[in-house]
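Data block below; observations after.
Just so you know, all these numbers are worked out from the coordinates, no wet-lab data involved. Note that the coordinates shown come from a computational prediction; the quantities given were computed from them, not determined experimentally. Ideal geometry is used to build each Cβ from the backbone, glycine not excepted, and the neighbour counts take in all protein chains shown.
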């Protein structure tokens, strides 16, 4: 998704020139009107001429983006949101060996059909890292199967260990981060692969 456009907006009784961002989970308005509209709160949309008309939980919104951009936004909104399983690359036949606290509902649901009993039976690794001991265990898991990508799942924000500590540990072992995605409100994930050469 990730579209960005400038235009005129009308929303909640306000009107103004905005920078509008279409993100996977929300529409963000900046500048003249400031708002965040969750995708779950958008119940309908249509492109008409120069404008995109949206039905939201807080009332109608009109974004005058130009005909081409309005049509592109409508088309992007019509695409289904990617599932967490899809973001993690869990397709048919993917087997995941996962370690750590798997109680997060979104993560548990994504892994439900893809679990492998051992790292040797897996085609992908995943480690939930909520403390330094689990970070060390994730590094050991990566060393045991350097041929497989490993998703590191950890708390968002300034938690310890966070993104910087995980990245330092894996880059120190010769691994590089290749993708990232949100897991839930509290967790994020980064995919690491062993650097070639």
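Structural remarks
- For region 92-197, the equivalent ellipsoid derived from the alpha-carbon gyration tensor has semi-axes of 19, 18, 12 Å in decreasing order.
- Percentage relative contact order, region 79-120, counting C-alpha pairs under 8 Å, at least six apart: 47 percent
- For the peptides 85-93, 183-191, 151-159, the ranking by packing is 151-159, 183-191, 85-93, with the highest mean count of neighbouring Cβ atoms within 10 Å listed first.
- Taken over the chain, the ratio of Cα radius of gyration to 2.2 N^0.38 Å equals 1.25.
- The modelled label-to-label distance between residue 131 and residue 79, using points 7 Å beyond Cα along the C-beta direction, is 4.1 nm.
- With the convex hull constructed from alpha-carbon coordinates only, region 3-78 shows a mean projected area of 4.0 nm² over all directions.
- Only DSSP H runs of four or more residues enter the estimate; each adds -39500 (n - 2.57), and after division by the residues of the chain the mean residue ellipticity at 222 nm equals -6500 deg cm²/dmol.
- Global geometry of region 41-148, whether rounded, prolate or oblate, following the gyration tensor of its Cα atoms and the 1.5 cut on a/c: prolate
- Mean sequence separation of contacting Cα pairs (under 8 Å, at least six apart), scaled by the length of the chain, corresponds to a relative contact order of 12 percent.
- Antiparallel beta bridges, as assigned by DSSP with both residues in region 1-94, represent about 100 percent of the total such bridges.
- Over region 3-78, relative contact order from alpha-carbon pairs under 8 Å, at least 6 apart, %: 26 percent
- FRET efficiency, 1/(1 + (r/R0)^6) with R0 35 Å, evaluated for residue 160 and residue 67 via beta carbons: 0.10
- Taking other Cβ atoms within 10 Å as a rough exposure proxy, 177, 104 sort from fewest to most as 177, 104.
- Our estimate of slack between residue 28 and residue 144, defined as 0.36 nm per intervening residue step minus the Cα-Cα distance, is 37.5 nm.
- Here the label points at residue 173 and residue 19, each 7 Å from Cα along the C-beta direction, are separated by 3.8 nm in the simple model.
- Span from the region 33-69 Cα centroid across to the region 75-109 one, whole angstrom: 28 Å
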